[in-house]
Amino acid sequence: MRAGPAVRLVRLGRASYAASRAAQERCVRRQRAEAEAAAGAPAGRLVVWEPSGPVFTAGLRGAAEARRLRALGAGFERAGRGGLLTFHGPGQLVAYPVLDLRRLGLPLRAYVAALERLGRAAAAALGLPHARALPPPCTGVWVGDAKLCAIGVHCGRHITSHGLALNCCTDLTWFDHIVPCGLEGKGVTSLSQELQRHVSVEEATEPFLDAFQEVFKCTLTDSEEPLS
């Protein structure tokens with residue numbers, strides 16, 4: 001069993017963006033309430049889910065294009081995270097780490113770098129060892145000039161929210177309608193495209209969770225907390 005602080009794992013399975021965001025917000029409230037609690041309190045929660053339908057999200061710096069994108073048959077939501085426009089849909093493994101950075105001893109920049117290491121480690125475990133991080137302003141995990149894993153986070157009172165989206169078997173044509181994360185001249189890829197085989201979210205989840213525990217030096221425990 002791994003040493004280190006406990007992080008509660010919340011598995012939503014396939015869920016709507018609204019349901020996942022509501023679950024994340026409940027986790028943030030609980031984590032803030034426990035922030036000054038005894039040492040036995042968990043260091044955070046990790047919400048993992050797969051989008052049940054297509055939705056575009058705009059970060060704090062994003063310009064709303066709701067009408068055009070909704071006409072494509074997708075949802076459009078404002079997200080309280082950094083970054084610009086991105087896409088979430090079936091075939092993505094989305095993770096929202098709700099972590100107390102003080103408990104983990106991580107400044108925010110180091111936390112974002114840790115998320116990039118997490119994405120690279122998960123990709124390597126699934127057979128893609130050459131995924132990498134790029135210098136700023138490019139965040140995320142890349143294969144060449146194509147983004148494999150997008151990262152957008154928020155941090156308030158030392159508690160993180162939002163997180164990352166790893167393309168497993170995502171329909172990448174949805175990204176043709178936007179400039180993902182505002183980065184001109186960059187592409188998007190998936191584990192399935194790079195490995196030339198179908199990689200489901202289900203297959204990717206356990207290697208991802210193992211990598212999370214290694215990167216953050218924590219122990220994941222399945223949460224028994226009610227989601228409502």
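The values are calculated or read from the model by the stated rules, or taken from the named source; none is laboratory data. Because the structure is predicted, anything quoted here is derived from the model rather than measured. Glycine gets a Cβ as well: all are built from the backbone with ideal geometry, and neighbour counts include every protein chain shown.
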* Residues being of a type in the set (Val, Ile, Thr) and touching a Lys or Arg at 6+ places or on another chain (Cβ under 6 Å): count how many of those fall in segment 122-152. => 1
* Asked: Given the conditions (1) under 14 Å from the mean Cα position of the chain (by Cα); (2) without any contact (Cβ under 8 Å) to a residue 60 or more places away in the chain; (3) surrounded by fewer than 17 Cβ atoms within 10 Å (Cβ to Cβ), and given that Arg117 satisfies all but one, which numbered condition is not satisfied?
  -> (2)
* **Spans of strands (runs of 3 or more DSSP E) in segment 126-228 with at least 2 residues free of Cβ contacts under 8 Å to residues at least 60 places away in the same chain and surrounded by 13 or more Cβ atoms within 10 Å (Cβ to Cβ)** => 141-143, 146-156
* Within segment 190-224, how many residues turn out to be touching a helix residue (DSSP H, G or I) at 6+ places or on another chain (Cβ under 7 Å) and either at pLDDT below 95 or of a type in the set (Ser, Thr, Tyr) (or both)? -> 2
* **Residue in segment 63-73 that is in contact with a strand residue (DSSP E or B) (Cβ under 7 Å, 6 or more places away or on another chain), modelled with pLDDT of 95 or more and not in a helix (DSSP H, G or I) present** => no
* **Filter result for Leu115 (at pLDDT below 90 and part of a helix (DSSP H, G or I))** => no
